[in-house]
Amino acid sequence: MSAAELERTVQARVAARYRKAGWLVVKLMLTSAPGIPDLLCLKDGRALFVEVKRPGGRMSPLQEYRIAQLRGLGFEVQVVTG
C-alpha cells in the first residue's frame, strides 16, 4: 500500500468515527487556503478541524502555520495519527 493510499484509509476511518459520533464530516480538498486541515466536522454549533496523518507522517510547516492560525481564531483543531 502506498503512503497516499494509507493516508486515505486512515482518513476514511477517522471520518467514519466522527460520523458515528453524530458529526457532519466534510472532506476539505481544494481550498483557497493551502495547508488547511483535511476534515471539517460540524455538530451542535461547533466546528472542529481535523488533520489526519498516517503512522510516521509529519505535518509541513504550512500545515503547522494553518493549525496555529485556526486556533488563534478560536477554532478547535485536532491532529490524528492513524
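Miscellaneous remarks
- You will find that of R13, R58, the residue that is within 14 Å of the chain's Cα centre (by Cα) and assigned to a helix (DSSP H, G or I) is R13 and no other.
- Scan of the stretch 36-58 for residues that are at pLDDT 95 or above and out of contact with any strand residue (DSSP E or B) (no Cβ under 6 Å at 6 or more places or on another chain), ordered by number: I36, K43, D44, G45, R46, A47
- Residue match in the stretch 58-76 (condition: open to solvent by 70 Å² or more (accessible area, probe 1.4 Å), touching a Gly at 6+ places or on another chain (Cβ under 6 Å) and not hydroxyl-bearing (S, T, Y)): yes
- Any chance T31 is assigned to a loop (DSSP other than H, G, I, E, B), of a type in the set (S, T, N, Q) and open to solvent by 40 Å² or more (accessible area, probe 1.4 Å): yes
The values are calculated or read from the model by the stated rules, or taken from the named source; none is laboratory data. Everything numeric here is computed off the predicted structure, so don't read it as measured data. Please note: Cβ atoms are built from the backbone with ideal geometry, for glycine as well, and neighbour counts cover all protein chains shown. Heads up: the accessible areas ignore ligands, DNA and RNA and are worked out on the full protein's heavy atoms, side chains in. Shrake-Rupley method; radii C 1.70, N 1.55, O 1.52, S 1.80 Å.
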